[in-house]
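Colleague: Encoded as structure tokens, here's the structure I'll be asking about.
The values are calculated or read from the model by the stated rules, or taken from the named source; none is laboratory data. Because the structure is a prediction, the values reported are computed rather than measured. All Cβ positions, glycine included, derive from the backbone under ideal geometry; neighbour counts span all protein chains shown. What goes into the accessible areas is simple: the full protein's heavy atoms, side chains included, and nothing from ligands, DNA or RNA. Shrake-Rupley method; radii C 1.70, N 1.55, O 1.52, S 1.80 Å.
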Amino acid sequence: MTLPLERHPYGEHDLVLPPKSQTTHDAADIDRDTRLLMYRRLHEIRQFEKRAYDMFMQNLVKGTTHLSLGMEAVAAGFGAAMREDDYTFATYRGHAHTLARGVPMEGILAELLGRANGLLGGKGGSMHLTSVEHGMMGSYAIIGAHLTIANGAAWSAQYRGSGQVAVCFFGDGTTNIGAFHEALNYAAVFALPVVFVCENNLYMEYTAISDITAVPRPAADRAGAYGLEPVVVDGNDADACYLAARDALEQARSGRGPVLIEALTYRHGGHSRADPGKYKPPGELEAWLAHDPLKLYRGRLERIGVPYAALDEIEHQVGQAVDAATEAAKGGPLPDQAVAYTDVWADGGHSWRN
């Protein structure tokens, strides 16, 4: 008997290449303002993540970071399609989704630095970003745990008749976790207004998802088991993500039940900043760099007539914003020692201090 990881040497699995066409959605029914917003979001996420990486390498970031370099289009597309009061649930790779909901950069960067002006007062760090006022209901470090929590938010919206939708993002590795199957089954049974989005970047931590999964599409190929339609989109194309999000949100909001979407994308780096990503086979990264979300989208906007100068100005404005947020974050005070005793269980776990 040959076991899955005995089929080939480590790092020599079959290449998964990106879609070849970059013009599919040039004529899509998306207004220019929305497209320019997505272009801005793409650059906000890209430049923010690069700055976070630089600050990590300067030993300024407390703890590790999980970046979304190369995966920006998923957050940008879905964030633009969501209603202001919709809910976002993300994994520990949550910087992009937090930015996509309009959370200010300064608070996020300061949180990474463990400063008092951070989003959570410096106590949560990179892996637990949360901003309820922006509908960002948390980044979760336990694989798959937040899918069931997203169901709870969706059930609340359904019960209150608020029209809100919970959108839950997760990685391809989550599809082999029990909570994934439990959450999908539960959401389908109760027709909950929730959209599940698998950001399939081809790798779990250090292992290709294809090596240990029985179906080619780890999320979409399981949709039928729960009475759902399989939906696969180009996760590097912001327009494709926006259109898929718009349809899914309309279905969930209208009471027609949950949607499961698999967005095929690719992370340019390793799993975290401690991972050099040497398990990726030769040629794979280069192929996906040619399908980079920012290059693809700029090319589309130029083809539909957006002036080069307008796009350059957006990039310049974002750069200035990242610089300003960096200085504000670095200038923030360290948390007072007294806050160590707030928002924690105390007295043997029988009382809550705040």
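Colleague: At a threshold of 8 angstrom on Cα-Cα distance, excluding pairs fewer than six apart, so keeping six or more, what relative contact order does the stretch 207-354 reach in percent?
Modeller: 15 percent
Colleague: Tyr87's amide H: which non-local residues (gap 5+, or another chain) put their own amide H closer than 5 Å, with H modeled 1.01 Å from N in plane and none for Pro or chain starts?
Modeller: Correct list: Val165, Ala166, Val167.
Colleague: Could you tally the net charge around Asn236, taking each other residue with its Cβ under 10 Å from the Cβ of Asn236, Lys/Arg +1 and Asp/Glu -1?
Modeller: On the way: positive: Lys295; negative: Glu72, Asp234, Asp237, Asp292.
Its environment carries a net charge of -3.
Colleague: Still on this structure, I have one more. How much area per residue is accessible in the chain when the probe is 1.4 Å and only protein heavy atoms are counted (Å²)?
Modeller: So the chain comes to 44 Å² accessible per residue, rounded to a whole number.
Colleague: Carbon and sulfur atoms: what percent of the 1.4 Å accessible area of the chain do they account for?
Modeller: So the carbon and sulfur contribution to the accessible surface is 54 percent.
Colleague: For the chain, build the charge dipole from Cβ charges (+1 Lys, Arg; -1 Asp, Glu) around the Cα centre, then report which of Gly171, Leu334, Gly144 sits farthest towards its positive end.
Modeller: Leu334
Colleague: Using +1 on the beta carbon of Lys and Arg, -1 on that of Asp and Glu, and nothing else charged, what's the dipole of the stretch 244-308 about the Cα centre, debye to 20?
Modeller: The calculated dipole for the stretch 244-308 is roughly 140 debye.
Colleague: Could you give the length gained by full extension between Asp33 and Asp54, i.e. 0.36 nm per residue of separation minus their alpha carbon distance, to one decimal place?
Modeller: Values: separation 21, 0.36 × 21 = 7.56 nm, distance 3.14 nm.
Residue separation times 0.36 nm, minus the Cα-Cα distance, leaves 4.4 nm.
Colleague: For the stretch 173-237, calculate the relative contact order in percent as a whole number, restricting contacts to Cα pairs under 8 Å that are 6 or more residues apart.
Modeller: Relative CO of the stretch 173-237 lands at 29 percent.
Colleague: Compute the Rg to Rh ratio over the stretch 199-354 from the alpha carbon atoms, using the Kirkwood formula for Rh, and round to two decimal places.
Modeller: 1.08
Colleague: Residue farthest toward the positive end of the dipole of the chain, with Cβ of Lys/Arg at +1 and Asp/Glu at -1: which of Gln317, Ser21, Ala290?
Modeller: Towards the positive end, the residue furthest out is Gln317.
Colleague: Using a 1.4 angstrom probe and counting only protein chains, how large is the accessible area of Leu37 in Å², to 10?
Modeller: That residue has around 70 Å² of solvent-accessible surface.
Colleague: How long is the gain from Ala191 to Val339 if the chain were fully straight, where each residue apart is worth 0.36 nm and the alpha carbon distance is subtracted?
Modeller: On the way: separation 148, 0.36 × 148 = 53.28 nm, distance 4.14 nm.
Result: 49.1 nm gained on full extension.
Colleague: Grab the beta carbon distance between Asp221 and Ser21, set R0 = 35 Å, and tell me the FRET efficiency rounded to 0.05.
Modeller: Working: r = 23 Å, r/R0 = 0.65.
The value I calculate is 0.95.
Colleague: By the scheme Lys and Arg +1, Asp and Glu -1, what is the net charge of all other residues having a beta-carbon under 12 Å from that of Arg46?
Modeller: Charge balance near Arg46 sits at +1.
Colleague: Another question about this same structure. Considering the values (1) 83, 50, 43; (2) 54, 51, 48; (3) 101, 40, 34, which represents Cα extents along the principal axes in Å as calculated for the structure under consideration?
Modeller: Read-out taken from this structure: (2).
Colleague: Determine the dipole magnitude for the stretch 218-329: charges of +1 sit on the beta-carbon of Lys and Arg, -1 on that of Asp and Glu, nothing else is charged, the reference point is the Cα centre, and the result goes in debye to the nearest 20.
Modeller: 340 debye
Colleague: In addition: Students sometimes get this wrong: rank Val232, Val16 by accessible area, probe 1.4 Å, all chains present, largest first.
Modeller: Final ranking, largest accessible area leading: Val232, Val16.
Colleague: Could you order Arg35, Arg298, Arg253 so the one with the most accessible surface comes first? Probe is 1.4 Å.
Modeller: Arg253, Arg298, Arg35
Colleague: Something else: Would you compute, from DSSP H runs of 4+ residues alone, the mean residue ellipticity of the chain at 222 nm, taking -39500 (n - 2.57) per run and dividing by the full residue count, rounded to the nearest 500?
Modeller: -12000 deg cm²/dmol
Colleague: Here's something else I'd like to know. With a 1.4 Å probe and every protein chain left in place, tell me how much accessible area Tyr92 has, in Å² to the nearest 10.
Modeller: Answer for Tyr92: close to 30 Å² accessible.
Colleague: Follow-up question, since we're still on this one. Calculate the spin-label point distance for Leu289 paired with Ile142, positioning each point 7 Å from the Cα along the beta-carbon direction, and give it in nanometres.
Modeller: For the pair Ile142/Leu289, the computed spacing is 3.9 nm.
Colleague: Now a separate question. By how many nm would the segment from Gln317 to Lys330 grow when fully extended, if each residue of separation counts as 0.36 nm and the alpha-carbon distance is taken off?
Modeller: Working: separation 13, 0.36 × 13 = 4.68 nm, distance 2.00 nm.
Extra length from Gln317 to Lys330 when fully extended: 2.7 nm.
Colleague: Hey, another quick one. May I ask for the net charge around Glu72, where only other residues with Cβ less than 12 Å from the Cβ of Glu72 are counted and Lys, Arg are +1 while Asp, Glu are -1?
Modeller: +2
Colleague: Near Lys278, which aspartates and glutamates are there with a Cα under 13 Å away, not counting those fewer than 8 places off in the same chain?
Modeller: Straight-distance partners of Lys278: Glu12, Glu205.
Colleague: Turning to a different aspect of this structure: Amide H of Val233 versus every other amide H placed in the peptide plane: which residues, excluding those fewer than 5 positions away on the same chain, fall under 5 Å?
Modeller: Glu262, Ala263, Leu264
Colleague: Which value, in Å² and to the nearest 10, is the accessible area of Arg256 when all protein chains are kept and the probe is 1.4 Å?
Modeller: 140 Å²
Colleague: I would also like to ask the following. Would you work out the charge dipole size for the chain about its Cα centre, treating the Cβ of every Lys and Arg as +1 and the Cβ of every Asp and Glu as -1, and quote it to the nearest 20 debye?
Modeller: 320 debye
Colleague: What percent do you get for the relative contact order of the chain when only Cα pairs under 8 Å and 6+ apart count?
Modeller: Numbers: 651 pairs, mean separation 81.5, N = 354.
Result for the chain is 23 percent.
Colleague: According to the square roots a ≥ b ≥ c of the eigenvalues of the Cα gyration tensor, what is the shape class of the stretch 180-258, taking rounded for a/c under 1.5, prolate for a/b larger than b/c otherwise, and oblate for the remainder? Don't skip to the answer; put the middle values down first.
Modeller: Numbers: a/c = 2.45, a/b = 1.32, b/c = 1.85.
Oblate, because a/c is 1.5 or more while a/b does not exceed b/c.
Colleague: Take Trp288, Trp155 and sort them by solvent-accessible surface of the protein heavy atoms, 1.4 Å probe, largest at the top.
Modeller: Trp155, Trp288
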